[in-house]
Amino acid sequence: MRRSLVVAISLALSCVATPAAFAAESAAGAAARNEVTTQLPRTARPDHYRVEITPHPAQMGFDGKVSIDLEVLQPTNSIVLQAAGMRFGKSQLQPAGGKPMPTTVSVDEANQTASFVVATPLQPGRYTLSIDYSGTINTQANGLFALDYPVADGSKKRALFTQFENSDARRFIPSWDEPGFKATFDLSVTVPEAEMAVSNMPVASSTSLGKGLKQVVFQTTPKMSTYLLFFSSGEFERATVKEGDTEIGVIAQTGKVEQAQFALEGSAEVLREYNDYFGVKYPLPKLDNVAAPGGSQFFSAMENWGAIFTFEYALLLDPAVSSVSDKKAVFSIAAHEIAHQWFGNLVTMAWWDDLWLNEGFASWMEARTTRKLHPEWDINNVDAAHTSRGAMGRDAYVTTHPIVQHVATVEQASQAFDGITYGKGSAVISMFEDYVGADAWRDGVRRYIAAHAYGNAVTDDLWAEIDKAAPGKRFMEVAHDFTLQPGVPLIRASSSCVAGNTQVKLSQGEYTIDRKDKQPLHWRVPVSLRVGNGEVVHTLVDGDTNVQLPGCTGPLLVNAGQKGYYRTLYAPAQFKALSAGFDKLPVVDQLGVVMDTSALAAAGLQPDADLLDLTAKIGADAPTDLWDMAAGTLSGIDGMFDGDTARQTAFRSYARSRLSPVLQSLGWDGKDSDSAQTKELRSGLIGTLAALDDAQVIAEAQRRFDAFLAKPDSLSPDLRSSVLGVVARNADAATWDKLHTLAKQETSAMVRDQYYGLLALPKDKALAQRALDMALTGEPGATNSAGMIGGVSREHADLAFDFAVAHREKVDTLVDSTSRARYYPGLGRSADNLQMVDKIKAFADAHIAPTSRRDAETVIAGIQTKLRLRAERKPQVDAWLKQKGY
């Protein structure tokens with residue numbers, strides 16, 4: 001599953017203990033490896049499901065029949081399945097070769113189970129459980145759900161889709177709805193004859209039933225977990241290509257399939273690459289990617305085996321509105337979901353504790369494959385720096401958790417889809433591959449896939465195969481250090497020149513924002529070093545380590561190539577030398593040094609002056625990646641002065657003086673020769689400078705908006721998002737009304753959604769309130785409203801949070817049930833007052849289960865730390881600005 005692009009998923013919380021406690025927890029986990037978590041009795045297991053579904057879209061309900069071939073493992077008088085929101089009719093249990101036995105159904109809504117009880121105890125053996133039932137078609141992406149969307153003639157259409165991860169197949173089929181209970185599926189559906197029905201496998205038969213209906217029967221699936229089953233129906237079109245024996249398809253609403261052509265072609269390239277990399281061919285006859293209008297607060301795409309689901313904004317490219325950033329996102333999201341066809345689908349984690357095996361690996365494969373197949377999108381190979389640092393900000397808080405974490409409830413499983421699971425998972429894989437070597441890593445992965453195909457696995461199963469492929473590396477120890485405990489290592493580095501060689505002293509600590517009163521954690525850290533332009537030397541830091549590097553020419557660089565998951569704190573003399581030679585470093589290392597310096601300044605380990613001095617060294621002709629980093633760094637510092645107008649005005653004057661000349665050099669209008677990086681930098685600078693109150697940029701954006709209203713094709717797709725965003729954020733009532741008119745008149749579902757999102761961005765509080773009020777009406781669409789409230793929260797956290805809580809009953813219907821425990825606290829994330837902390841605590845106490853408050857605690861810690869760090873850092877920035885004449 002690809003996390004939502006609409007609302008950032010917040011960091012999950014885990015109580016942080018001492019290193020000894022983590023070791024004990026790891027030992028306990030190892031002892032329990034063979035006792036995989038389940039919320040069901042261990043008395044029976046499924047082999048095969050035969051499912052018949054008849055949706056009633058107009059009534060927002062469906063009828064179902066299921067026959068489950070199962071094996072009873074221990075004597076019992078009931079079969080307990082997971083089921084939610086269902087009504088049951090006739091049910092019976094038939095032993096193999098025996099007579100049917102009627103069952104009595106007992107429903108436990110709180111635990112989402114249904115028990116099918118027989119009068120006589122069942123003995124071990126094979127049985128078939130047959131059930132008639134009915135369920136609900138939802139308006140949010142849980143179970144079977146409907147999405148309404150406008151079409152060119154102004155009318156509305158309705159399409160049906162399913163979303164089952166992590167625990168919502170139980171809303172579609174009474175089942176063993178846990179990843180460890182794999183089975184095969186036969187699905188048949190009754191749908192309107194004019195509609196296309198889609199599932200994991202190709203259609204086996206389609207039979208007209210009369211009265212405008214048909215029954216579509218799909219081929220039997222391979223053995224898989226319930227959360228991977230998929231069904232959709234609607235007025236769709238499909239385009240296909242062949243890659244070997246696999247038919248690759250894209251499916252979209254009628255008239256839109258051409259906008260999926262890039263995704264179709266890219267998917268063929270990706271599948272070819274993965275067939276080679278994994279050493280096991282994609283096993284299904286087809287691989288579709290189904291585009292759906294709307295959005296979710298939880299995800300943007302889902303890896304259903306053979307039938308990927310993706311919201312339109314992450315799959316379709318409309319030439320009138322889609323930018324190079326959109327193109328990159330479409331490719332990388334498809335690469336992520338296709339990687340899941342192996343990591344997640346063919347081999348599935350045994351329980352949600354090891355979710356990162358799915359998501360961390362898919363995130364890493366996505367980035368690796370995008371770099372390989374589209375090197376023009378990352379000409380300076382800077383993705384390594386972004387990958388390694390992406391999760392560290394969250395991982396440095398006391399509210400972090402290990403990559404491998406115990407999950408006990410459905411809500412905890414939902415919360416496990418976070419920045420640690422995805423971002424840190426991807427980062428440590430990148431480091432591990434670099435440590436053991438790409439060939440050894442791939443060989444281990446191939447053996448793991450082959451050994452566990454069509455089954456379940458835990459993290460140590462993968463580590464065992466990598467360890468075999470890379471003997472002598474102490475790999476298992478290193479892997480356990482980074483996956484069974486949380487946090488970010490800190491490598492302190494100093495050096496001296498002795499007899500023509502550089503003697504380096506490395507010591508290890510922990511980089512943390514708010515855990516400083518605890519005993520530091522300990523890791524065995526793979527570290528790469530270089531002096532000047534010399535060769536890279538690799539070492540494993542386990543405590544204090546001394547390393548000798550040949551030569552003394554040039555500064556010491558730690559984490560050369562930036563694939564290591566750690567921060568580096570240089571001794572003052574070494575940082576001074578590195579700073580002096582900053583412009584001679586490879587771009588990826590320049591970015592890594594700036595990122596670490598920024599993070600260390602935030603933790604009080606390095607002066608803010610060091611960070612500002614580095615950004616001041618970036619020259620006018622520096623690579624675009626550096627200017628993008630500089631813009632982000634200056635924007636982050638600007639945020640420290642929110643609410644402090646005089647000091648913020650001084651800083652913004654300086655920041656504009658650095659960034660405005662770069663935009664002037666690039667110009668507003670692109671050239672055919674512009675690289676992807678140049679296009680993205682131009683768009684990013686427009687947004688950043690406008691946020692820094694650059695009056696000229698705001699005026700030019702408004703001018704281009706006015707021209708766009710008169711002539712829509714006058715606004716370049718690569719500028720569209722930034723220009724409309726600047727206009728929306730600075731909108732007055734008249735401009736807001738113009739955006740509202742655009743939204744109401746738009747007949748493209750994807751573009752319409754964008755306009756309603758813009759209505760939530762104004763700085764003007766009265767306009768923000770209008771957006772909130774609109775979100776509770778049916779106008780924006782059922783899947784847009786929660787995003788609008790979230791959009792308002794970026795500028796008006798208290799307003800949005802208070803509004804959502806006051807209307808909680810209604811807002812609950814606008815948010816995926818998997819997202820509610822993180823959605824409400826997330827609305828307060830941008831607040832800069834401690835009153836919000838109290839409000840989030842009160843909300844959590846009243847409405848979030850004690851075992852599911854990870855996200856609430858994370859937001860609270862973020863607000864508290866933000867306010868503390870502002871007080872500590874602002875005087876340093878003031879002093880630096882004064883020294884520079886601002």
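The values are calculated or read from the model by the stated rules, or taken from the named source; none is laboratory data. Everything numeric here is computed off the predicted structure, so don't read it as measured data. Cβ sites come from the backbone with ideal geometry, for glycine too, and all protein chains shown count toward neighbours. Please note that ligands, DNA and RNA were not included when accessible areas were found on the heavy atoms of the full protein model with its side chains. Shrake-Rupley method; radii C 1.70, N 1.55, O 1.52, S 1.80 Å.
Within the span defined as the range 228-238, one or more residues are under 24 Å from the mean Cα position of the chain (by Cα) and among the hydroxyl-bearing types (Ser, Thr, Tyr). Note on the range 168-227: residues that are open to solvent by less than 30 Å² (accessible area, probe 1.4 Å), in contact with a Phe, Trp or Tyr (Cβ under 9 Å, 6 or more places away or on another chain) and among the aliphatic types (A, V, I, L, M) total 9. Given the structure, is residue 657 under 29 Å from the mean Cα position of the chain (by Cα) and assigned to a helix (DSSP H, G or I)? Spelling it out, it is not the case that residue 657 is under 29 Å from the mean Cα position of the chain (by Cα) and assigned to a helix (DSSP H, G or I). If you go through the range 361-390 and keep only what is at pLDDT 95 or above, of a type outside the set (Phe, Trp, Tyr) and under 22 Å from residue 483 (Cα atoms), you end up with 362, 363, 365, 366, 367, 368. Of the residues making up the range 47-55, at least one is of a type in the set (Ser, Thr, Tyr), under 17 Å from residue 168 (Cα atoms) and in a strand (DSSP E or B).
Okay, residues lined up against (1) at pLDDT 95 or above; (2) of a type in the set (A, V, I, L, M, F, W, C); (3) surrounded by fewer than 18 Cβ atoms within 10 Å (Cβ to Cβ):
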site	(1), (2), (3)
810	yes, no, yes
830	yes, no, no
843	yes, yes, no
856	yes, yes, no
868	no, no, yes
871	no, yes, yes
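In the range 102-139, the qualifying residues are those that are closer than 26 Å to residue 161 by Cα and of a type in the set (Gly, Ala, Ser), and the one that is surrounded by the most Cβ atoms within 10 Å (Cβ to Cβ) is 114.
Just one of (1) more than 32 Å from the chain's Cα centre (by Cα); (2) at pLDDT below 95; (3) more than 24 Å from residue 325 (Cβ to Cβ) fails for residue 643. It is (1). Residue check: residue 553 meets all listed conditions (1) at pLDDT below 95; (2) crowded, with 16+ Cβ neighbours inside 10 Å but one, namely (2). Among residues that are open to solvent by 60 Å² or more (accessible area, probe 1.4 Å) and touching a helix residue (DSSP H, G or I) at 6+ places or on another chain (Cβ under 8 Å), residue 563 is included. For residue 460, the conditions (1) acidic (Asp, Glu); (2) touching a helix residue (DSSP H, G or I) at 6+ places or on another chain (Cβ under 9 Å); (3) within 30 Å of residue 873 (Cβ to Cβ) are fulfilled apart from (3).
Screening 463, 523, 441 for residues that are within 30 Å of residue 603 (Cα to Cα), open to solvent by less than 10 Å² (accessible area, probe 1.4 Å) and of a type outside the set (Val, Ile, Thr) leaves exactly one candidate, 523. When only residues in the range 503-519 that are in contact (Cβ under 8 Å) with a residue 40 or more places away in the chain and open to solvent by 30 Å² or more (accessible area, probe 1.4 Å) count, which is nearest to the chain's Cα centre (by Cα)? Applying the filter and picking the extreme gives 514. For the range 759-783, filtering for residues that are crowded, with 23+ Cβ neighbours inside 10 Å, out of contact with any Gly (no Cβ under 7 Å at 6 or more places or on another chain) and part of a loop (DSSP other than H, G, I, E, B) leaves 3. Residue count for the range 470-480, restricted to those that are surrounded by fewer than 20 Cβ atoms within 10 Å (Cβ to Cβ) and within 22 Å of residue 568 (Cα to Cα): 1. Restricting the range 154-164 to residues that are outside any strand (DSSP E or B) and touching a residue at least 24 places away in the same chain (Cβ under 8 Å) leaves a set whose member that is surrounded by the most Cβ atoms within 10 Å (Cβ to Cβ) is 164. Considering the range 594-617, and only residues there that are over 18 Å from residue 574 (Cβ atoms) and not in a helix (DSSP H, G or I), the residue that is most open to solvent (accessible area, probe 1.4 Å) turns out to be 604.
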